[in-house]
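The values are calculated or read from the model by the stated rules, or taken from the named source; none is laboratory data. Since the model is a prediction, treat every value here as computed from it, not as a measurement. All Cβ positions, glycine included, derive from the backbone under ideal geometry; neighbour counts span all protein chains shown. In case anyone asks, the SASA skips ligands and DNA or RNA and just uses the protein heavy atoms, side chains included. Shrake-Rupley method; radii C 1.70, N 1.55, O 1.52, S 1.80 Å.
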Amino acid sequence: MLQRIKHIINEGKRFLITTHIDPDGDAIGSVLSLYWAFESMNKMSLIYLRDPIPYRYNFLPGPSHTLHEFNDTAFDGIFVLDCGDLSRIGDGYESLRDRGTIINIDHHNTNESFGSLNLVDETASSTAEILYRLYTSLNIAFTLNISINLYTAIFTDTGSFRYENTNAHAFHICEEMIHKGVNPSYVSRMVHENHPKERFILLGLVLATLETYFKDRIAVACVTNDMFRQTGTTREHTDGFVEYLREIKGVEVAILVREISSTRYKISMRSKGMVDVASVCNLFGGGGHKNAAGCYIDGNLYEVKQKLKGAFNIQ
Ligand code: 5GP
Ligand code: MN
């Protein structure tokens, strides 16, 4: 597979790079690293992102301009990164197949192999780890622009080297990126200590909704559109909230329920230990990893919580 992808890269001139909606650090870092990899090979690439780059990743080097809607051009390859299913790219994803060969590079075990070429390794800590292997086999030099994006992608997707997907490769690659000039405390500060004050006012409101089920084994908190209005915040300010709930003693599954509308909610689930939240989210048409997954559930807030409770087989 790696050879076939290398062939497409070597033969092509013009590429599109994209990732999922509500992009996280692995999505953004992977996309930007690939942009710089193409740049170093004198290949042209464009980035399509449905959503703007979240503020906590604005420090990452990237192009001055990204596409927020598709135009009619065709590409020699379309790289879809960190994306379990094609529809997660957002509106217009159906037309992508007509614009070029889709190369799907990902580490979600729920990945639907939607590409013409699929480089999917669910044992990889992150999509960035798979890209590192690709760049190495293409003999691409790890410039600071590539290195800081890869480092940040791995650092964020492993929850700062705390989650179950943290592996020796993650440390090995990050060590190499430090040798290339990445400053770990700078990245950590940008990612974790650079929030606007409003995010903490929102966090206070969200934590006040905390409920636990099944003797504290499941923790649920909610964020509503009213809270966003009240605090002048948006979805991106909730990044990381669900991780706080994991910190509660005895909690096995942490859930953040975010209002999309009064009859539709976005669910973010994290587990520590054995519960496979990807399969729980799969019941609702979503997906992700064993320890971090998401889905959408229709209903009012009460109904959504009941559906969630019912999805866990815990006495
Ligand atoms: P988050 O809770 O941060 O949105 O997502 C956690 C993980 O689950 C990420 O790896 C993300 O890509 C995946 N994920 C979140 N929502 C969905 C969804 O609706 N469908 C699928 N297939 N994956 C999702
Ligand atoms: Mn990822």
Legend entry - Cα→Cβ-extended label distance, 7 Å offset, between R229 and E11, nm: 5.5
Legend entry - Extreme residue, positive dipole direction of the chain, given options H195, A168, H289 (C-beta unit charges): H195
Inset, instruction - Just flag the trypsin sites (Lys or Arg not before Pro) in the stretch 79-171 sitting in loop per DSSP whose Cβ has no more than 14 other Cβ atoms within 10 Å. - result: R162
Legend entry - Label-point gap, in nm, between K215 and E122 - each point 7 angstrom along Cα→Cβ: 3.0
Inset, instruction - May I ask you to compute the full-extension gain from R99 to H65, defined as 0.36 nm times their residue separation minus their alpha-carbon distance, rounded to one decimal in nm? - result: 10.2 nm
Inset, instruction - Rounded to the nearest 10 degrees, what's the angle between the helix 168-179 long axis and the longest principal axis of the chain, both from Cα atoms, 0 to 90? - result: 60
Inset, instruction - Mind giving me the nanometre distance, one decimal, between the label points for N313 and A141, set 7 Å out from Cα along Cα→Cβ? - result: 5.6
Inset, instruction - No other cysteine beta carbon under 4.7 Å away is the test; run it over the chain and list who passes. - result: C83, C174, C222
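Note the full-extension length gain between S279 and N167 as 0.36 nm times their separation in residues minus their Cα-Cα distance, in nm to one decimal.
Details: separation 112, 0.36 × 112 = 40.32 nm, distance 2.23 nm.
That pair, S279 and N167, stretches by 38.1 nm at full extension.
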Legend entry - Tilt relative to the chain, helix 2-11 - C-alpha long axis, 0 to 90 degrees, to 10: 60
Legend entry - Sequence of S125, S160 from largest to smallest accessible area, 1.4 Å probe: S160, S125
Inset, instruction - Can you list which of the trypsin sites (Lys or Arg not before Pro) found in the stretch 234-294 are DSSP loop residues with at most 14 other C-beta atoms within 10 Å? - result: K249
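Among DSSP beta bridges lying fully in the chain, give the percent that are antiparallel, nearest 5.
Details: 20 of 44 bridges.
Around 45 percent of the beta bridges assigned by DSSP in the chain are antiparallel ones.
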Inset, instruction - Heavy atoms only, probe 1.4 angstrom, no DNA, RNA or ligands counted: give me K309, K215 ranked by accessible area, highest first. - result: K215, K309
Legend entry - Cα Rg, Dmax (largest Cα-Cα span) when computed across the stretch 1-91, Å: 12.7, 36
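Diagonalise the Cα gyration tensor of the stretch 197-311 and give the resulting equivalent ellipsoid semi-axes, square root of 5 times each eigenvalue, largest first, whole Å. Don't skip to the end; give the middle numbers.
Numbers: eigenvalues 89, 53, 32 Å².
Sorted largest first and rounded, they come to 21, 16, 13 Å.
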Inset, instruction - Using just the helices of the chain, give the 222 nm mean residue ellipticity in deg cm²/dmol: DSSP H runs with n ≥ 4 each add -39,500 (n - 2.57), and the total is spread over all residues, rounded to 500. - result: -11000 deg cm²/dmol
Inset, instruction - Calculate how steeply helix 144-157 sits against the longest principal axis of the alpha-carbon atoms of the chain, using the helix alpha-carbon long axis, and give the answer as 0 to 90 degrees to the nearest 10. - result: 30
Legend entry - 5 Å binning of all Cα-Cα separations within the stretch 2-192, expressed as whole percents from 0 upward: 1, 8, 18, 23, 22, 17, 8, 3, 0
